[in-house]
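*Asks:* The structure's right below; bear with me while I get my questions together.
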Amino acid sequence: MYAFDYLRPASLTEAVAMLADNPEGKALSGGHTLIPAMKLRLTGPAALVDLNGLAELRGIKLEGDTLIIGALSRHHEVANSDVVKQAIPVLAEMVGTIGDPAVRHRGTIGGSLANNDPSADYAAAAMALGATVVTDRRRIAADDYFQGLFTTALEEGEIVTAVEFPIPKRMGYSKFRNPASRYALCAVCVAQTASGETRVSVIGAGADGVFRASAFEAALASDFSAKALEGLSVPPDDMASDIHADQDYRAHLVGVMARRAVAGAK
């Protein structure tokens, strides 16, 4: 690691001020990506602003037809929350598949969305449910928030404070994991919103990160069934390719995972 200053704010206002005073600094929540990158000297922030003491960024609650999850909520808290299980049960099940127990007891929803790893489960849920990412400055719709691999609409020093998930009529999620790393080679989230809109999001497979599968959405809009997706596919040229799976295989997985997600929707 390179040398850095460690700062622990007592409030969100103080955290924002610390990041403003340290333009080369980074906010720290779970740290599952940032700390390993620092250890490998792939990044070297001049300061770490530790958000973990900010109680105002915690909590899970239901307000009307919206599930609100504080940015510092740990994965295991979301997965085991009775509020989440009642409001959006598939979301709780999805979060229970993230990493392993050690990861789930440390990682946070805000950190995951701020990092925007192409295989991050929360991105799939946020996009499919039409979630809103709330920051210390504004509210950002999921369709505008995700902007490519590890890239979001967040500005320098902007802090995610909560995520708002509209409660859907039904939701399904299916993930094909790399057998070694357990990261998603491909995962598909399908949701039918309260207004009747059908949304389908894909993670792990796209070359540019999370994306919506418009052809799948159109097919499900008139017939929300796995059968409606038979024969549909995504362009292989838009898929990622690496030592784990090539473009054609990932394109194939999108169709398979989509049909499984629809079949398991509830």
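*Asks:* Considering only segment 62-75, state which residues are more than 24 Å from LYS169 (Cα to Cα) and either outside any loop (DSSP other than H, G, I, E, B) or of a type outside the set (S, T, N, Q) (or both). Full working, then the answer.
*Replies:* Going residue by residue through segment 62-75, those that are more than 24 Å from LYS169 (Cα to Cα) are 71-74.
Within segment 62-75, ALA71, LEU72, ARG74 meet the criteria.
*Asks:* Continuing with this model, one more query. Being acidic (Asp, Glu) and crowded, with 20+ Cβ neighbours inside 10 Å is true for just one of ASP117, ASP50. Which residue is that?
*Replies:* Values: ASP50 fails: crowded, with 20+ Cβ neighbours inside 10 Å.
None of the other options fit; the residue is ASP117.
*Asks:* Of all residues being of a type in the set (Ser, Thr, Tyr) and touching a helix residue (DSSP H, G or I) at 6+ places or on another chain (Cβ under 8 Å) in segment 207-227, which is modelled with the lowest pLDDT? Just the residue, please.
*Replies:* In the first step, residues of segment 207-227 are kept if they are of a type in the set (Ser, Thr, Tyr); the result is 214, 222, 225.
Within this subset, residues satisfying the condition of being touching a helix residue (DSSP H, G or I) at 6+ places or on another chain (Cβ under 8 Å) are 222, 225.
On the way: SER222: 92, SER225: 97.
The selected residue is SER222.
*Asks:* Here is a follow-up. What is the one condition in (1) of a type in the set (Gly, Ala, Ser); (2) under 24 Å from ASP50 (Cα atoms); (3) in contact with a Lys or Arg (Cβ under 7 Å, 6 or more places away or on another chain) that ALA162 does not satisfy?
*Replies:* So the condition that ALA162 fails would be (3).
*Asks:* How about segment 159-186: which of its residues are modelled with pLDDT of 95 or more and either surrounded by fewer than 17 Cβ atoms within 10 Å (Cβ to Cβ) or more than 30 Å from ASP248 (Cβ to Cβ) (or both)?
*Replies:* Answer for segment 159-186, where residues must be modelled with pLDDT of 95 or more and either surrounded by fewer than 17 Cβ atoms within 10 Å (Cβ to Cβ) or more than 30 Å from ASP248 (Cβ to Cβ) (or both): ILE159, VAL160, THR161, ALA162, VAL163, GLU164, PHE165, PRO166, ILE167, PRO168, LYS169, ARG170.
*Asks:* Can you list residue pairs whose Cβ atoms sit under 6 Å apart, with the first residue in segment 136-159 being over 23 Å from ILE203 (Cα atoms) and in the same structural domain as LEU72 (by TED's automatic domain parsing) and the second being among the small types (Gly, Ala, Ser) and surrounded by 13 or more Cβ atoms within 10 Å (Cβ to Cβ)? Count only pairs 6 or more apart in sequence or on different chains.
*Replies:* ILE159/ALA27
The values are calculated or read from the model by the stated rules, or taken from the named source; none is laboratory data. This one's a predicted model, so the numbers in the text were calculated from it and none came from an experiment. Reconstructed Cβ throughout: ideal geometry from the backbone, glycine too, with neighbour counts over all protein chains shown.
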